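Encoded as structure tokens, the structure appears first; notes follow it.
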Amino acid sequence: MNNQRIIFTIFGGTGNLAYNKLFPAFYQLFQEEKFDSNIFFVAIGRREKTNEQYRKEVEDKIKKKNPDYSKRSFDSFKQRIYYYQLDFTNELHYAAFNNFMINLDQAHQTDGNRIYYLATAPTDFPAISAYLDKYCLKGKKGFKRAVFEKPFGYDLESATQINNSISAVFGENNIYRIDHYLGKEMIQNILTIRFTNQIFKAVWNKESIDNVQITVKESNGVEERGGYYDQSGALRDMIQNHLLQILAFIAMEQPRSFETDSIRDEKVKVLNNIKIIPDLKSHENIVFGQYEGYLQEEKVKPHSKTETYVAIKCEIDHPTWEGVPFYLRTGKFLNGKEAEIIIEFKKEVLGEPFGCLAQPNLLVIKIQPEEGIYFRINTKKPRSEKELMPVSMDYCQSCNFIYQSPEAYERLLNDIIAGDSTLFTRWDEVEAAWKIIKHLMSSCTKDDYLVSYEKGSEGPIEAEYLIKATHRKWWNIEDLSNSRFDF
Ligand SMILES: NC(=O)c1ccc[n+]([C@@H]2O[C@H](COP(=O)([O-])OP(=O)(O)OC[C@H]3O[C@@H](n4cnc5c(N)ncnc54)[C@H](OP(=O)(O)O)[C@@H]3O)[C@@H](O)[C@H]2O)c1
């Protein structure tokens with residue numbers, strides 16, 4: 001702990017995110033004494049509540065979620081939490097809010113250090129930032145950081161507009177755009193696996209890699225978020241942020257250093273070089289699907305053309321990756337809840353006696369639910385001269401109690417407190433990703449080619465055509481596990 005004292009304010013403090021993700025993560029960090037600094041919390045909501053009422057609500061959520069909850073440690077944690085009633089769209093409320101913050105600052109000697117977390121709709125970001133600027137930030141000492149939840153805008157234009165207004169207030173270096181996927185342990189592990197193992201470093205290119213598959217499956221539907229999702233769809237909700245960020249980590253060149261900006265510089269080059277042929281008709285480049293029954297979901301428009309599934313073939317316009325397809329697929333109501341990256345290496349052709357029998361080497365980075373690494377190689381089948389046998393090294397990190405990974409939010413919140421922005425997206429990355437989505441949205445006549453798929457299935461059959469068009473197949477993690485022979 002660096003003993004800095006900070007007030008951490010959450011706009012949207014009575015929302016789902018604050019109750020179910022942020023405070024449980026804060027409590028866990030507090031309990032494990034992992035906080036990088038000495039933190040006091042202010043939760044903002046519109047409804048009238050006392051501190052005690054709010055603290056009790058937080059406690060009830062944590063009790064249900066955290067098997068390590070202890071009354072004693074929560075009683076100590078809760079002294080740090082304050083509730084403040086404010087309508088954040090009403091400018092008239094901010095002068096009093098500023099007085100409240102000044103008093104709190106004096107009471108806890110926080111030297112003006114503030115973090116503002118906007119767990120609100122992105123349309124509220126500009127107004128809140130402007131009012132904070134006018135009433136709470138100008139001429140104040142201490143650092144001011146601002147955290148913005150996903151989605152960061154709804155398209156390139158709205159994201160640019162939001163960004164212009166928030167960066168004018170906080171400045172890019174103090175802005176933390178959260179993509180909670182980047183806080184997942186195995187996403188952080190990608191660069192370590194790639195750049196600390198000569199065995200992979202040397203073959204990470206078009207000479208050795210045949211294709212890359214990035215899959216994020218969800219087993220649930222839109223549930224109570226139909227209204228939000230229907231405006232968004234899988235392309236904006238998942239591809240624009242999580243899948244393109246993963247792709248950037250997989251395809252980026254080795255950075256000059258492992259400092260935040262060097263890594264981001266390399267990621268943004270990948271995003272700017274992604275090429276997708278916006279042709280839906282052939283099913284060879286993009287498939288948009290919608291699960292059966294989606295139109296009956298609450299708050300979904302009766303004739304909605306929103307996609308709940310996307311599969312895309314991307315290429316990267318860079319000499320390292322010439323001709324290597326990167327396949328992305330994600331969807332709701334699929335046959336599992338999992339996320340993984342599969343690197344398929346080119347098949348080794350040895351000629352007789354082995355040639356036609358060789359299986360490709362596969363490297364699988366398992367993101368969730370299991371976290372780990374799987375690597376498959378060929379060996380000779382015992383007692384046979386000709387037959388090959390694929391065997392695998394399968395490391396399950398999440399199976400090992402000692403190495404239990406922290407929740408993504410725990411890592412990200414502590415990074416914000418420590419002022420480390422490596423796992424947050426810089427504006428030029430967000431902008432590059434929105435440009436890709438804009439290009440696809442404007443060139444694809446989705447309405448004519450939206451295909452349906454059964455709930456609980458692998459997704460639309462057309463996604464099979466997409467990968468088979470280049471004589472490849474989707475690798476499924478269950479198939480690999482069933483046929484494995486562990487070292
Ligand atoms: N939930 C998640 O797991 C999750 C994950 C990733 C991203 N996000 C994003 O994070 C944002 C918040 O999500 P959420 O699920 O927490 O939403 P939510 O449950 O609907 O909560 C909205 C919050 O905003 C507050 N609010 C709304 N208008 C207000 C106003 N005029 N003045 C003061 N407070 C106001 C609400 O306060 P009241 O109590 O007064 O209504 C409530 O605290 C959304 O943009 C969402 O897309 C959420």
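Of all the criteria given as (1) assigned to a helix (DSSP H, G or I); (2) crowded, with 19+ Cβ neighbours inside 10 Å; (3) within 15 Å of the ligand (Cβ to nearest atom), the one not satisfied by Q53 is (2).
Across the range 56-81, the qualifying residues are those that are within 15 Å of the ligand (Cβ to nearest atom) and touching a strand residue (DSSP E or B) at 6+ places or on another chain (Cβ under 8 Å), and the one among them that is nearest to Y135 (Cα to Cα) is I81. Candidates are the residues of the range 4-21 that are among the hydrophobic types (A, V, I, L, M, F, W, C) and in a strand (DSSP E or B); the one that is farthest from the ligand (Cβ to nearest atom) is I6.
Considered as a group, the residues in the range 1-50 that are small (G, A, S) and within 17 Å of F100 (Cβ to Cβ) include one that is surrounded by the most Cβ atoms within 10 Å (Cβ to Cβ), and that residue is A43. Among helices (runs of 4 or more DSSP H) entirely within the range 119-226, having at least 2 residues that are assigned by TED's automatic domain parsing to the domain that holds E322 and either over 24 Å from the mean Cα position of the chain (by Cα) or within 16 Å of the ligand (Cβ to nearest atom) (or both) singles out 198-201. Y116 passes every criterion in (1) assigned to a loop (DSSP other than H, G, I, E, B); (2) within 16 Å of the ligand (Cβ to nearest atom) apart from (1).
Looking only at the range 416-437, residues that are in contact with a strand residue (DSSP E or B) (Cβ under 8 Å, 6 or more places away or on another chain) and either closer than 23 Å to G372 by Cα or in a strand (DSSP E or B) (or both) come to 1 in all.
For the structure I just gave you, tell me whether G153 is in contact (Cβ under 8 Å) with a residue 60 or more places away in the chain, within 19 Å of Y229 (Cα to Cα) and small (G, A, S). Answer is yes for this residue.
Across the range 85-111, the number of residues qualifying as under 31 Å from the mean Cα position of the chain (by Cα) and either under 20 Å from I417 (Cβ atoms) or touching a residue at least 60 places away in the same chain (Cβ under 8 Å) (or both) comes to 1.
Within the set F26, F30, the sole residue that is away from the ligand (no atom under 16 Å from the Cβ) and in contact (Cβ under 8 Å) with a residue 40 or more places away in the chain turns out to be F30.
The values are calculated or read from the model by the stated rules, or taken from the named source; none is laboratory data. From a predicted model like this one, the values you see are computed outputs, not experimental measurements. FYI the Cβ positions are ideal-geometry reconstructions off the backbone, even for glycines, and counts take in every protein chain you see.
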